[in-house]
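The values are calculated or read from the model by the stated rules, or taken from the named source; none is laboratory data. Not measured: the values here are computed from a predicted model. As a convention, Cβ positions derive from the backbone with ideal geometry for all residues, glycine included, and neighbour counts pool all protein chains shown.
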Amino acid sequence: MLPTYVTFDERNEKFGEIAINRMRENSIFTVFDIKRILGNIFEDIQIDKMWPFKLNKLQNQVFVEVETFEGRKLLKPEEIASTFFKHIKIKVDEFQNKNLTEAVITIPASYNETQKQSIIKAAKLGGWKIIYLLPEPIAAAFAYCDEAALEINLNLLVFDLGGGTLDIFIVKTAKCMLNFLSSNGSLFLGGRDFDTILIKYFEKILYQKYGTEIMKNESKKYKFMADCQEAKNTLSYEMEAS
């Protein structure tokens, strides 16, 4: 698993948990939630007050304003997403000991055509040549059915709650295949929203007990956010977190 966090505080970007940990101290270099931005017009993007970066609209295009080791830059969402695809390609090529050019990329089922083209563009910028797109819940359904011995003509509900999006699919099992029946979902409901609920909950407790307005403290806000994320992750497999 690679959380889609990237930090630009060095020449070579850092990703995932490393970026999350660095965000505790240097939040201005970090970008996340890029899947909620890709392929959207500026007016359709739900701005999150937790973002340490800004969005700008220039010539009807969306740009992410972020601090880098070279200073402040305006980057297209596809450019930022491409850094993940490039990072993954480097790791996979090293593991396979050869240059791979084709990739199957899973996407939220609710992505429209513009969003699909944006992620294809990002993948190509990251070094992939031939791109196949597969809805995330369909990929999850195939993975489940590959492991489980299922009867034919079963109706399955696939509930795919990711870091930033929610997809729900209903499929019917058939011999060596799955038949799609219906789908629904949201690009603005995922694990990040659980983070926000926890942040607001503990923010209220800190204020009531100690009079601390931690979300107004720029030096502590993102460490607090990362701690809430860590607690959420722990609670996914434990009854308590501290």
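A single entry from 37, 18 fulfils the requirement of being surrounded by fewer than 16 Cβ atoms within 10 Å (Cβ to Cβ) and of a type in the set (A, V, I, L, M, F, W, C): 18.
Of the residues making up region 50-86, just one is more than 15 Å from the chain's Cα centre (by Cα) and under 24 Å from residue 139 (Cα atoms), namely 86. Scanning region 24-47 for residues that are closer than 16 Å to residue 5 by Cα and at pLDDT 90 or above yields 27, 28, 29, 30, 31, 32, 33, 34, 35, 36, 37, 38.
Of the candidates 143, 149, the single residue that is farther than 30 Å from residue 115 by Cβ and loosely packed, with under 12 Cβ neighbours inside 10 Å is 149.
The residues of region 57-87 that are among the polar types (S, T, N, Q), over 19 Å from residue 28 (Cα atoms) and in contact with a Gly (Cβ under 9 Å, 6 or more places away or on another chain) amount to a single one, 82. Looking across region 147-171, the residues that are in contact with a Ser or Thr (Cβ under 9 Å, 6 or more places away or on another chain) and either at positive phi or part of a loop (DSSP other than H, G, I, E, B) (or both) come down to 150, 151, 152, 153, 154, 163, 164, 165.
Every residue in region 179-213 that is part of a strand (DSSP E or B) and either within 25 Å of residue 4 (Cα to Cα) or touching a Lys or Arg at 6+ places or on another chain (Cβ under 7 Å) (or both), please. Selection gives 179, 181, 183, 184, 185, 186.
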